1. In the chain, what percentage of the DSSP-assigned beta bridges are antiparallel, given to the nearest 5?
2. For the chain, what's the relative contact order in percent, using C-alpha pairs closer than 8 Å and at least 6 residues apart?
3. What translational D, rounded to a whole number of µm²/s, comes out for the chain from Stokes-Einstein when the hydrodynamic radius is the Kirkwood one over Cα pairs, at 25 °C and 0.890 mPa s?
4. Which angle from 0 to 90°, rounded to the nearest 10, does the C-alpha axis of helix 165-176 make with the longest principal axis of the chain?
5. How would you rank 408, 25, 557, going from fewest to most other Cβ atoms within 10 Å of each one's own Cβ?
6. Can you sort 193, 68 by how many other beta carbons sit within 10 Å, fewest first?
7. Restricting to DSSP H runs of at least four residues, report the calculated mean residue ellipticity at 222 nm for the chain, -39500 (n - 2.57) per run over all residues, nearest 500 deg cm²/dmol.
8. Compute the Cα gyration tensor for segment 270-352, then decide on rounded, prolate or oblate, letting a ≥ b ≥ c be the square roots of its eigenvalues: rounded whenever a/c is under 1.5, prolate when a/b is larger than b/c in the other cases, and oblate in all that remain.
């Protein structure tokens, strides 16, 4: 269905500007293959099964496959491995396409589905039967498991292993026409019952599934197993480098066996790399599905989820995820990557591109006693000090303002430099103020503080050159707008969820504080903010106007990431480890 050489370059959106990553072993293999003439050009593929939403682990594979095709002027195919109709859905197909495009990649005309090849796969299965290399078996799954043997003991042969070729052809035809019920017949390869590789002990090629398929409808009642279908799909499409994760390394002998014996039109090769394992995160589609089904999260795009749609809704940028994938590199050994590296990548990107605004999450009222009660000023504020082209905006100032409650202490410790009785500090873009007293309720709680201001310090600097040790943000009380703010944290409190040595179910490690909703007070510029707008709330963190729940007059903001890592200090050690791991990948 596709050309055998990559005449069409991999297509990528102009906005992506995907960086070329450091050297690694797969890149070295490709360079050698091109130099020796093993392949005329590079064709890779990204082959997700449409049984769930893509997560950050898939992003590593997407960036690798599409990135290599782009680098070597080849192409990358998007192929849905839709061989299991019991779990697949068009909803997942469309979400996968959307996520890949959001990351900055495109497959041009090279979109395929495994189900498009069902006739060709069936013909390959028939050829294997004709060669005496496949047979119809009537063992149940349980019986097959009993006969499979152990790594040190050979498997027991099926009673039907040596049935005649003509009989196998007839039985396979009966499987296709629906004569047998589910679980009563399979087509198995005839390879080696004593192989130390359990995947070579007469693996199943076809099983019966009497269920409608989202693409082929009710045309088929037999479906190929992934291990049989995948090498054939690669061969039909002329894939030069079939790149998959490390758990498929043990499947490679069967991949090669199919390519050798099924008379395929091309001879692709499989290469494996280590999948992404991320701290405080799940990378299992099954468990992510359970999180959704059991209502631990609001859906696949919940901003706490490691799905790409979840990251998108949380405010992560495609560039930050691509940069993260470049940083961690491609290796041949499994490791656990610190999620703080991903957070570091998005901070670096958003710092350059996000406008600054002032928002108070936990308000404490400040009364500036010597500021006229009827006066109102609109002060100039810089939108982004990293980007002079972003310009300035006007922010209102008045006699009463809100500051963050933790920016004031009545009994300040020695190294507390923010507001306290008798201390002078700077209000961002406004004036110097000095605390002169506090107001308390009947229970002794501080409900307001009183200050004076220095009119000569407008803009935030004193003409006499005096310095202050702290600058805090604020919002005018009479101009503040209420803002629903969702403070997201990590969904799990355990670092390595693959470590089950504590005997606990993974659900027991859900972080009860992964979401806190507060009504913040914001400067009026946020009243009409567009959904999807990313901003830095000064001194607090990076936020995005929720793409689902924000309304023109009622914005809802999701915290993307705090300004600093609140869990552990990043990250020279984490960054160095990632760089060391990536460097090791260069030498494999």
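Nothing in this text is a laboratory measurement; each read-out follows from the coordinates by a stated rule. Predicted, not measured: the structure shown is a model, and the values here were computed from it. When we count neighbours, we look across all protein chains shown, and the Cβ atoms used for this are built from the backbone with ideal geometry, even at glycine.
1. The antiparallel proportion sits near 70 percent.
2. 13
3. My calculation gives 88 µm²/s for D.
4. Its long axis makes an angle of about 40 degrees.
5. 25, 408, 557
6. Fewest-to-most Cβ neighbours within 10 Å comes out as 193, 68.
7. After summing the helix terms and dividing by the residues of the chain, the value is -8000 deg cm²/dmol.
8. Oblate, because a/c is 1.5 or more while a/b does not exceed b/c.
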